[in-house]
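These notes concern the structure reproduced below.
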There are 2 protein chains.
Amino acid sequence: MANQSKSVELFDAKAIAPFFESKSLAVIGASTDPIKQGGRPVRYSLMSDYNGRVYPINPRADEVQGAKAYASLADVPGRVDCAFIALPAPAVEAAITDCAEKGVRAAVIISAGFAEVGPEGRRHQERITAIAREAGMSLVGPNCMGLMDIRRNFFPTFAPIFGFNGEARPKPGNISLVSQSGAFGAHAYELVRARGAGFSKWVTTGNQCDVEVSDFVAYMADDKSTDVIMVYFEGNRDADKLMAAFRKARENGKPVVLLKAGRSETGVKAAVSHTGSMAGSDAAFDGFCRQFDVHRADTVGELIDISVAAAAGKFPSRPRAGLVSISGGAGALMADYCDELGLAVPPLPKPAQAKLMKLFPFGSALNPIDPTALWGQDMSVLSASMETLLKEGGHDTVVLFGSTIGINEFNRVRFEEHIIPLREKYPNPLMVLSLLGAPELIQKWRDKGFLIYEDARRAIEVTAALAKFAPIVAGSRKFPARPRVPENLKIKPGRTFNEADAMGALQKAGIKFVRRRLATSRKAAQDAAARLGFPVVAKIASAEILHKSEIGGVALGLENKRAVGEAYDGLLGRAKRAAPKAALDGVLIAKQISGGVETILGVNNDPGLGPVVMFGMGGIFVEVYKDVAFRAAPFSKAEARAMIAEVAGHAVLKGVRGQAPSDLGALVDALHNLSLFAAANKDTIASIDINPFVVMAKGKGAIGLDALIEPK
Amino acid sequence: MANQSKSVELFDAKAIAPFFESKSLAVIGASTDPIKQGGRPVRYSLMSDYNGRVYPINPRADEVQGAKAYASLADVPGRVDCAFIALPAPAVEAAITDCAEKGVRAAVIISAGFAEVGPEGRRHQERITAIAREAGMSLVGPNCMGLMDIRRNFFPTFAPIFGFNGEARPKPGNISLVSQSGAFGAHAYELVRARGAGFSKWVTTGNQCDVEVSDFVAYMADDKSTDVIMVYFEGNRDADKLMAAFRKARENGKPVVLLKAGRSETGVKAAVSHTGSMAGSDAAFDGFCRQFDVHRADTVGELIDISVAAAAGKFPSRPRAGLVSISGGAGALMADYCDELGLAVPPLPKPAQAKLMKLFPFGSALNPIDPTALWGQDMSVLSASMETLLKEGGHDTVVLFGSTIGINEFNRVRFEEHIIPLREKYPNPLMVLSLLGAPELIQKWRDKGFLIYEDARRAIEVTAALAKFAPIVAGSRKFPARPRVPENLKIKPGRTFNEADAMGALQKAGIKFVRRRLATSRKAAQDAAARLGFPVVAKIASAEILHKSEIGGVALGLENKRAVGEAYDGLLGRAKRAAPKAALDGVLIAKQISGGVETILGVNNDPGLGPVVMFGMGGIFVEVYKDVAFRAAPFSKAEARAMIAEVAGHAVLKGVRGQAPSDLGALVDALHNLSLFAAANKDTIASIDINPFVVMAKGKGAIGLDALIEPK
């Protein structure tokens, strides 16, 4: 359990708290123009009820927007908790030095022109970070849009809020956002607002020279005024911290909804050039999100709608939904979406169906329920359908497709008469509507407790996401603990591996390999083959020749001693010609194996996520179908099982077309053990490949036939 | 070319024209209540400038909503072109008889309670259809919402239009809709309207007892006031007509955008119960849409947005886009979407990049272009970026992510100053914006000629779809002609097939099979094997035992005469025990083949699409990865090539991991020939399986090892 407590200690709440508990804010570079970046925090503070002090710092003005200005930070009488720095990049270092001298505890640097523009900017950024660390001051930014604590009216940001004339006062809510991109943060702010919801904390981290996304996620996971954590992510530094932050959010029952750019090559380039973050494998990041139950959204709309819906606090008790539609076609579409997204659409019990069919004999009362055009004359067919799903169908989630109900005045009135009262009668179920209406009307109905979306697809996407969050929020699911990584799995730093070494090291970690011998003479090779039993394979063993087959370093199907002898000489000869300077450790003789299902196990040390274990189906199809799953190391056996179930080829392992089921238990053990080994050696190993890893029939185990370890 | 002209003649324009050219409309069951279904068409006609005559038919009123009413259709003085029937189902038959007697040319039946409720309703529906056919009258419905010809103010529909007080007068446009679902049609109507666009024709077809979706698509393909055809589809009757309709739309340069429910089992059930249509394979329908360049949308929003965008009439000349984003993160996201949806994002030429980098030294001028937060002070960095993409990047499609620009008053003013004039300066390029703003503002900017979407994902989806439509609209792409189906491929109706027969019939059609002999004695089997060369396989031949391996009817790897003899006796013995009554035609002896890439060719006679050819990769993975492609028969070699390129396993055929490329030409020939054979025998054959079909190395051909034909 040592590691579990350690993972919590990774966060120093004291590094984040000053941003949200400051009682005074200095705006360095405060502008008299309330529209300028340096003018906005002053304007926002003056317009709101921030009950701390605001100090504009401007050597050329006595007064900024009506507030007394100071020529320098040193001139401010009394303590300054937080500083907002809106200066050109060259002036930032001096300002940070001033902050350090004044005892500022936290600074927000919005200035651009640091690590994102090249090596010189990076060095500048490192200097200011060093000054801040020395002084025990936390930094957000540079190259960000600042942050807000809306409940406290604390606005060290130049995001366009309050509206042009103060008409759009920020509305506090229970969502907190961490966005690496400032502009994206401002965009998300408006979208949440447009949906009638609000933020508690709102943070943009930019270049993350000091505190980073995971620090804020961990803080928000413990923050009483945050129920949902929304993340816009570009890249990461500390994998352990990120894992610990997501784990903490999950343990505290807080849904995390995340958007990350960089699925494509052009996208990655654009993201990297943006805040200078390192890009790892996007597929690995997908696996990482699944591992920690983070909902990774594909679009901005999905990010916002799911976050806002989760903030409303109603979750399906089971992944199933009752559907009612005024259009049979839309009902069928919603059923399709449910199927795709993992929501069951179980039919109503027969007696309940019969009752409804009396109301609409030409409709369908199965689920989806289609009461036909009758609803146009008599809206009670809709409310009766919904009520039947709730009372007799055992549903606590009902989705109604109501099309133009909110547009047509006649329908609107009937709707408010028949459907709205259902909400009051059944306060607990999740009620989702897909319909069109004027924004004010939609907001009014939202305020009654309905989730409302124009598009039926979004209605189902949101419902499915809420169903996945439900056990997290309820605290009803047991999460796999972070496994302990045994110290004795650590290999010596600087060690290199020929294939025999790699197999040996991994075998010690609990991963089985084919029977083999390392031979250093022709005779020894022949004797080894005879002891192992023919046929055998022979492979060159050298820590300096890792990709053996490229140089003809592998001989397969050796049936007798003569063949082994020839192979021995041939392999050494080819190796010497191909890599004259490589140290050759001999030839590895291994039993040739047939049967079983070929899989691939691998580890890649991702720049942002640390060692990530890959599992996939082997053979030529792995390249074609890219049927692989990823998990960050270390992980439990339960996680290994989830990982195997994630690949489509899982069906082959379970046995298709009359083939025997494979030894899944042995595969699970291997993946779990590989994850421990990878975690133990994250500082020294760059990658591991076990290809093929052959899974035999149930009870017969699973063994690697090839191993490769590349040191860092 | 006989068939091509035939496919055009499938449509009788005279069957559809009366709906859109009527000069008089009788509303049978006209209600004095303008809200009731029978009251609405009267109300709409009176509110609008329909320059024909409207006759309310109501035996209990002298006047309906101010218009003179008639007790019966016979009482109407003069001619009635079109009738709208809003009566309970039991009264419809008499009304249709009245229409026939009055010489009505087209009737719209909205009444429910016909084929969709069971056999009795179906018989009723068949009776009214027969009466109409006899009288040469076309029917739309029953169980539909009617239709509109908005340019002519012709409104035989009870869709909720005009608004409660006539404030929402239908606006004519150049999109025409055919929807099988009435409620869906009404929904689509409002969504198009909300986006500021309008319809030319709007039709809901319901149970389609007479004219169906394809008739209207074909009519709209020729209709001068229709530029885009929007379809909501549930099921189909006549495959040839549907193909011909889509082909006609494509040849006439009109984009077709389609939504179809029924991807999942529950969805299929719901769709079938809705209008009583037959459901075929959804994956086959996907292939069908690709074959005819129909854009199949996944969501209602996608259907609407792509249709409305296509109606605006600007298309990218090439599938590539220049991206500008005020958020680097959003720019990266858009690049990801482009990559996924087939749009290139080529970088700007270096000199153009250098010029832009002078404007925003901390940004990125590659593409996507990210001018950093500078745009907030100086919006000209955005217009300069867009203009550089147009002038120096060779782009004619620019997508700008503008986030909250339409919300913030300060930004809005600058935007109208800098960006809007670009539209006037460059009238031809496609300019797409993703930003937030008040609906009136968005509409104003749309009217200037920008496509505008809140979500960046939708902006890219629409752009990608327009790029795909571009060559169709421009008429610059040559479409494969419908191949002629040779008459001599037709097999005798009632014929059954043992495996040797199936191979023989398919071989005549140009599909090669393994060398084999049908043996009817032990001796003949042994001689055949010797002539073919060992090893051979032996399989039971019987038209009544189609699934041979299930009864042990296949023996593999027979190396000599003795083994063949034993196999012969064994196969016949097992066949007799398993199917004592089956006629056994002997044993098929075939050369055993090794090497090559295993694929599967198949045909399934789809209830809605006719014979659909399937191509997929073979082996156990086909079941796991479902890596298959479909095309409706017959199709050209070009289409066969497209079909092969559609499966991921295509890479294996092209040669991966140093394997030789396969004989794609031979595979193309086989698929094309199979499609001709399937089309020739669509009335007699239910399904064909050629599994495996082995594709050898380039130049070595491709042969089937197994064949199965199931008669209808």
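Figures for the structure shown
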{"quantity": "Rounded, prolate or oblate (a/c below 1.5 giving rounded, otherwise prolate when a/b exceeds b/c) for chain B by Cα gyration tensor", "calculated": "oblate"}
{"quantity": "Residues with amide H under 5 Å from that of A:G406, placed H, sequence gap 5 or more", "calculated": "A:L436"}
{"quantity": "Distance from region A:162-194 to region B:199-273 (C-alpha centre basis), Å", "calculated": "43"}
{"quantity": "Cα gyration tensor shape of region A:322-474, rounded if a/c is under 1.5, else prolate or oblate by comparing a/b with b/c", "calculated": "rounded"}
{"quantity": "Between 0 and 90°, nearest 10: helix B:380-391 axis offset from chain B longest Cα axis", "calculated": "50"}
{"quantity": "Pair B:I131, B:D238: separation of 7 Å Cα→Cβ label points (nm)", "calculated": "2.3"}
{"quantity": "Other protein chain Cβ atoms within 10 Å, averaged over every residue that makes up A:256-267", "calculated": "6"}
{"quantity": "Counting DSSP beta bridges with both ends in the protein assembly as shown, the antiparallel % (nearest 5)", "calculated": "50"}
{"quantity": "Pairwise centroid distance, computed over Cα atoms, of region A:476-500 with region B:460-481, Å", "calculated": "54"}
{"quantity": "Region A:435-561, relative contact order [Cα under 8 Å, separation at least 6], %", "calculated": "17"}
{"quantity": "In degrees, nearest ten, helix B:664-680 long axis to first principal axis of chain B (Cα)", "calculated": "80"}
{"quantity": "Rotationally averaged projected area of region A:4-311 (alpha carbon convex hull; nm²)", "calculated": "14.8"}
{"quantity": "C-alpha center-to-center spacing [region A:624-676, region A:352-424] in angstrom", "calculated": "45"}
{"quantity": "Cβ-derived FRET efficiency at R0 35 Å, A:A283 paired with A:K523, nearest 0.05", "calculated": "0.15"}
{"quantity": "Partner chain coverage, peptide A:161-173 - average Cβ within 10 angstrom", "calculated": "1"}
{"quantity": "Total formal charge among the other residues, if their Cβ is under 13 angstrom from that of A:K490, Lys/Arg +1 and Asp/Glu -1", "calculated": "+2"}
{"quantity": "Estimated distance in nm for a label pair at B:E417 and A:K700, the labels positioned 7 Å out from Cα along Cα-to-Cβ", "calculated": "7.7"}
{"quantity": "Packing-based ranking, highest mean first, of A:430-437, B:576-583 given that Cβ atoms within 10 Å are counted", "calculated": "A:430-437, B:576-583"}
{"quantity": "Loop-located trypsin sites (Lys or Arg not before Pro) in region B:377-415 whose Cβ has at most 10 other Cβ within 10 Å (DSSP)", "calculated": "none"}
{"quantity": "In degrees, nearest ten, helix B:265-275 long axis to first principal axis of chain B (Cα)", "calculated": "60"}
{"quantity": "FRET efficiency, 1/(1 + (r/R0)^6) with R0 56 Å, evaluated for A:K712 and A:K23 via beta carbons", "calculated": "0.75"}
{"quantity": "Relative contact order of region A:74-176, pairs being alpha-carbon contacts under 8 Å that are 6 or more residues apart, as %", "calculated": "23"}
{"quantity": "Kirkwood-based Rg to Rh ratio, region B:515-591, C-alpha trace", "calculated": "0.94"}
{"quantity": "Note, ³J(HN,Hα) from phi for region A:160-166, Karplus 6.51, -1.76, 1.60, rounded to Hz, x at Gly and Pro", "calculated": "x, 10, 6, x, 5, 10, x"}
{"quantity": "Computed over the protein assembly as shown, the ratio Rg/Rh where both radii use C-alpha atoms and Rh is Kirkwood", "calculated": "1.00"}
{"quantity": "Theoretical FRET efficiency, 1/(1+(r/R0)^6), r = Cβ-Cβ of A:K425 and A:R318, R0 25 Å, to 0.05", "calculated": "0.70"}
{"quantity": "Per-residue [θ]222 nm for the protein assembly as shown (sum of -39500 (n - 2.57) over DSSP H runs n ≥ 4, rounded to 500)", "calculated": "-12000 deg cm²/dmol"}
{"quantity": "Contour excess over end-to-end distance, with Cα ends at B:A583 and B:A61 and 0.36 nm allotted per residue", "calculated": "180.6 nm"}
{"quantity": "Whole-Å semi-axes of the ellipsoid equivalent to region A:597-711 (Cα gyration tensor, √5λ, descending)", "calculated": "23, 14, 13"}
{"quantity": "Chain A, relative contact order in percent, only Cα pairs under 8 angstrom and at least six apart counted", "calculated": "9"}
{"quantity": "Gain in span if fully extended, A:S72 to A:K576, counting 0.36 nm per residue against the direct Cα distance", "calculated": "174.4 nm"}
{"quantity": "Shielding score for B:403-409, defined as the mean number of other chain Cβ atoms within 10 Å", "calculated": "6"}
{"quantity": "Antiparallel bridges, percent of DSSP beta bridges restricted to chain B (to nearest 5)", "calculated": "50"}
{"quantity": "Label-to-label distance, nm, for residues given as B:L46 and B:E167 (7 Å Cα→Cβ offset)", "calculated": "2.1"}
{"quantity": "Candidates per trypsin sites (Lys or Arg not before Pro) in region B:181-271, loop by DSSP, up to 14 other Cβ within 10 Å", "calculated": "B:K224, B:R237"}
{"quantity": "Nearby lysines by direct alpha-carbon distance to B:K523 (threshold 24 angstrom, same-chain neighbours under 8 apart not counted)", "calculated": "B:K539, B:K548, B:K561, B:K576, B:K591"}
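Where a number appears in this text, it was derived from the coordinates with a stated rule and is not lab data. What you are looking at is a predicted structure, and each value in this text was computed from that prediction instead of being measured. Glycine also receives a Cβ, built like all others from the backbone with ideal geometry; neighbour counts cover every protein chain displayed.
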